[in-house]
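Structure first, commentary second.
The values are calculated or read from the model by the stated rules, or taken from the named source; none is laboratory data. Note that the structure is a prediction, hence the values are computed from the model and not measured. With ideal geometry, Cβ positions are generated from the backbone for all residues, glycine too; neighbour counts draw on all protein chains shown.
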Amino acid sequence: MTSTENPEKNRLSKEKSPYLLQHAENPVDWYPWSDEAFEKAREEDKPVFLSVGYSTCHWCHVMAHESFEDDEVAALMNDAFINIKVDREERPDIDGVYMEVAQMTTGRGGWPLTIIMTPDKQPFYAATYIPKESRYGSMGMKELVPRIKEIWDTDRANIDEATSGIQKGLSQSRSQGSQSDLTIDAVDLAFSQLSQRFDEKHGGFGSAPKFPSPHNLMLILRYWKRTGDDWALFMVEKTLQAMRNGGIFDQLGFGFHRYSTDSEWLLPHFEKMLYDQASLMMAYTEVYQITRNPEYADIVREIFEYVTRDLGSPEGAFYSAEDADSEGEEGKFHTWSQSEIEAVLDDEEASLFLKVFNIHKEGNFEDEATNEKTGLNIPHLSESVEIDKDLELSRDELKLVLDKAKTKLFMHREKRVRPSLDDKILTDWNGFMIAAMAKAGAILGDKKLIEAAETALKFIIDTMIDEERRLFHRYKDGEVVIQAFLDDYAYLVWALLETYEATFEPKYLELARDLTSDMLTYFWDDEEGGLFFTGEYSEKLLVRKKDAYDGAMPSGNSVAALNLIRLARFLGDTSLEEKAAETIRAFSGMIPRAYSGFSMMLTAVEFALGESFEIVIAGNPNETDTKGMITAIREQFIPNKVILMKGTKYQSDEISRLAPFAKFHDTVGGKATAHVCIDYNCKLPTNDVQKLLELLRVKQAESTGKVSYESTKM
């Protein structure tokens, strides 16, 4: 089929992926990743053009509009290649392998990812975004496609040499280096590296672009807990406050955009990803727990409002993302001209809003290509404002006016064409969000968050796990497909552990145990330790990847290592602790190359080697003394701990079955009783909350006071 036949839709029209459906009307004769596509390539002796992206990727849209929607380019591609589209979020296994090829051969990675390969899936060319026309010394699609076709037809030896070199490189990259047991010094070295990169003026690490990377902040908080270093807490607060004040946060509709293109958190790439909301909710929750600053609890609830309102599915689970673009323009939904704001608000509201949220006639939103002001604005807050003093308004009066203005602007914005919604439901991303909501709900004492977590978790358990306890990766429009990857297991177990500690329902702990057993069966590397990304049942690709680098999301190995430690302590199962140690040891040769790149793995190290606590609370869950003990623990930042609850007879019986060591941990004197073990040494039980806190080595912390946070309640 060629573009001259002009099919109304190509094969992607039968897919469920929002990303693939975006390309269903391209003149390019796209195939989904399938045996059919590769068989066709072999029959016609054509190379395969693989394009990998995701539905909210701005540059994916640009390349699609320039090239894949263009009849001339499509005709060249259809003549030279068999063309395959892959949604990286549906098939992270394919994306991971071929992204490694791109990074190895070009020194860069990103999306759209472009790979040209043989019909046997051996890559020989890799790139990211390719323009339609050649520019700045980079070959465009109109020149590249005929050049590849010519080489394929006339110089196959050149291609064979390239594929051999890439395969050799991939094989060599499998080496994980020498293995050893890490010490707590690895955490200290990671903190040192992060501290050296810390931007004291704007928060965050390094210069532009800046990513939230909350798992870095969570590791720093654990370092603070162990060392008492106030600079560590300052780094975290400065970063979280700067992000909340900046354009990376949606000041009207809440939720965080993907990342900031500048060093000041002002100009974001506007897509909103579910996993960013989850990780940031966790970080703000922990800082609230440390400082008791109610501003942080407010931010957690703002994230919750955004996720449930705009990413919540009718089934109670959560969709994947919102696009950066609407009506073909990035950020159009989120940016404002001064005149539009003045037209929506009355004079007093407009005057205050323009000043507080830094709105200017010439705009603060610069075109990314030309760096010229566009006349549009991204609402954001200055780090320190004395607006209430300047205008002789009380803080409450100012807040009242601004809240009214924000509501009006939000409602006006809702009439705009919204960015597209990626409405597939992914097990791993949902697991992350469920874990964050359950954790936040327990610490904030907010039942709404816990109930939302349980509702979503019920959908995942009921829908994504079949009768044979096989876990699946993606749900959309009633279709469950793609047997799970490591991340699906790791993040779902994380969700189960957090939901257990929020509800003390033993069924969550039992399922976490069972899924962990399955994960070790399907993914464990018997030769070198650690967990492969794909299961034994998965499609065989060029290599079977195994990674621990903590990127936009913590790696499956890092999350699994921490889960294994926690589950070992919950159940008293030392074999799980040994699997965690083997996982960490498997990557010990990589971690010293960039300690700060393995922050979640080092969080597991901190739990394993730092002071840790196993707590069993026995008591009537409806009585004040029992509730008081649970609340007292939840009010403290004690990250290296697990809590078991023996309350109702059902809870007591089930916990005694799941964790036999807890069998004899009962009430003393008919009162709520805490049984605390510290680093494998059990202390005498106590009925006294203050004594319990002393055993838990609780220390109070105030907000550092070094960062102005006045503006965030505007």
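Data table
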item: Qualifying residue in the range 212-228 (condition: in a loop (DSSP other than H, G, I, E, B), buried (at least 16 other Cβ atoms within 10 Å of the Cβ) and touching a residue at least 60 places away in the same chain (Cβ under 8 Å)); result: yes
item: Flag if K699 is surrounded by fewer than 18 Cβ atoms within 10 Å (Cβ to Cβ), in contact with a helix residue (DSSP H, G or I) (Cβ under 7 Å, 6 or more places away or on another chain) and at pLDDT below 95; result: no
item: Residue that is farthest from Y522 (Cα to Cα), among those in the range 469-480 that are assigned to a strand (DSSP E or B) and in contact (Cβ under 8 Å) with a residue 40 or more places away in the chain; result: K476
item: Contacts under 6 angstrom Cβ, first residue in the range 541-565 being within 27 Å of Q122 (Cα to Cα), partner modelled with pLDDT under 95 and of a type in the set (D, E, K, R), 6 or more apart; result: S555/D547
item: Among (1) over 23 Å from the mean Cα position of the chain (by Cα); (2) on the phi < 0 side of the Ramachandran plot, the one test that S599 misses; result: (1)
item: Subset of the range 52-76 (residues that are assigned to a helix (DSSP H, G or I), touching a Ser or Thr at 6+ places or on another chain (Cβ under 9 Å) and β-branched (V, I, T)); result: V73
item: Failed condition for Q179, given (1) in a helix (DSSP H, G or I); (2) surrounded by 11 or more Cβ atoms within 10 Å (Cβ to Cβ); result: (1)
item: Residue count, the range 602-647 (criterion: in a loop (DSSP other than H, G, I, E, B) and more than 18 Å from F664 (Cβ to Cβ)); result: 13
item: Top-ranked residue of the range 192-223 - restricted to ones that are aromatic (F, W, Y) and in contact with an Asp or Glu (Cβ under 8 Å, 6 or more places away or on another chain), ranked as farthest from V605 (Cα to Cα); result: F205
item: Any pair with Cβ under 6 angstrom, 6 or more apart, that starts in the range 353-381 at a residue that is in a loop (DSSP other than H, G, I, E, B) and ends at one that is among the basic types (K, R) and modelled with pLDDT under 90; result: E362/K373; G363/K373
item: Scope the range 189-211; condition aromatic (F, W, Y) and either touching a helix residue (DSSP H, G or I) at 6+ places or on another chain (Cβ under 8 Å) or surrounded by fewer than 16 Cβ atoms within 10 Å (Cβ to Cβ) (or both); matching residues; result: F191, F198, F205
item: Residues located in the range 77-88, provided they are part of a helix (DSSP H, G or I) and touching a Lys or Arg at 6+ places or on another chain (Cβ under 7 Å); result: A80
item: E25 vs. criteria assigned to a helix (DSSP H, G or I) and either surrounded by fewer than 23 Cβ atoms within 10 Å (Cβ to Cβ) or β-branched (V, I, T) (or both); result: no
item: Some residue of the range 101-112 being at pLDDT below 95 and either farther than 28 Å from A324 by Cα or among the acidic types (D, E) (or both); result: yes
item: Enumeration of residues in the range 382-430 that are of a type in the set (A, V, I, L, M, F, W, C), modelled with pLDDT of 95 or more and part of a helix (DSSP H, G or I); result: A405, L409, F410, M411, W429
item: Qualifying position, being at pLDDT below 95 and either under 23 Å from Y475 (Cβ atoms) or not assigned by TED's automatic domain parsing to the domain that holds K476 (or both), among E36, E44, E8; result: E8
item: Total residues in the range 521-535, condition more than 26 Å from V481 (Cβ to Cβ) and assigned to a helix (DSSP H, G or I); result: 0
item: Flag for P146 being assigned by TED's automatic domain parsing to the domain that holds D71, surrounded by 18 or more Cβ atoms within 10 Å (Cβ to Cβ), modelled with pLDDT of 90 or more and not hydrophobic (A, V, I, L, M, F, W, C); result: no
item: Qualifying positions in the range 329-352 - of a type in the set (S, T, N, Q) and part of a loop (DSSP other than H, G, I, E, B); result: T335, S337
item: Top-ranked residue in the range 658-696 [being part of a loop (DSSP other than H, G, I, E, B) and either under 35 Å from the mean Cα position of the chain (by Cα) or polar (S, T, N, Q) (or both); ranked as modelled with the lowest pLDDT]; result: Y680
item: Residues that are of a type outside the set (A, V, I, L, M), over 22 Å from D250 (Cβ atoms) and surrounded by fewer than 24 Cβ atoms within 10 Å (Cβ to Cβ), drawn from the range 425-458; result: G445, K447, E451, E454, T455, K458
item: Checking A442 against (1) assigned to a helix (DSSP H, G or I); (2) out of contact with any Lys or Arg (no Cβ under 6 Å at 6 or more places or on another chain); (3) touching a residue at least 12 places away in the same chain (Cβ under 8 Å), the condition it does not meet; result: (2)
item: Answer from A80, A74, A37 - the residue that is crowded, with 23+ Cβ neighbours inside 10 Å and either touching a Cys at 6+ places or on another chain (Cβ under 7 Å) or among the small types (G, A, S) (or both); result: A74
item: Residue in the range 481-503 that is assigned to a loop (DSSP other than H, G, I, E, B), over 23 Å from the mean Cα position of the chain (by Cα) and surrounded by fewer than 22 Cβ atoms within 10 Å (Cβ to Cβ) present; result: no
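Conditions tested, residue by residue: (1) farther than 25 Å from F38 by Cα; (2) touching a residue at least 24 places away in the same chain (Cβ under 8 Å).
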site: V101; (1), (2): no, yes
site: S138; (1), (2): yes, no
site: E143; (1), (2): no, no
site: R147; (1), (2): no, no
site: R156; (1), (2): no, no
site: Q172; (1), (2): yes, no
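A quick yes/no check of all residues on (1) outside any helix (DSSP H, G or I); (2) within 17 Å of the chain's Cα centre (by Cα); (3) assigned by TED's automatic domain parsing to the domain that holds A581:
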site	(1), (2), (3)
M519	no, no, yes
Y537	yes, no, yes
K540	yes, no, yes
P554	yes, yes, yes
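Residue by residue, here is whether (1) closer than 24 Å to G530 by Cα; (2) among the small types (G, A, S) holds:
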| position | (1), (2) |
| --- | --- |
| A438 | no, yes |
| G441 | no, yes |
| D446 | no, no |
| E454 | no, no |
| T463 | no, no |
| E468 | no, no |
| H473 | yes, no |
| V480 | no, no |
| A495 | yes, yes |
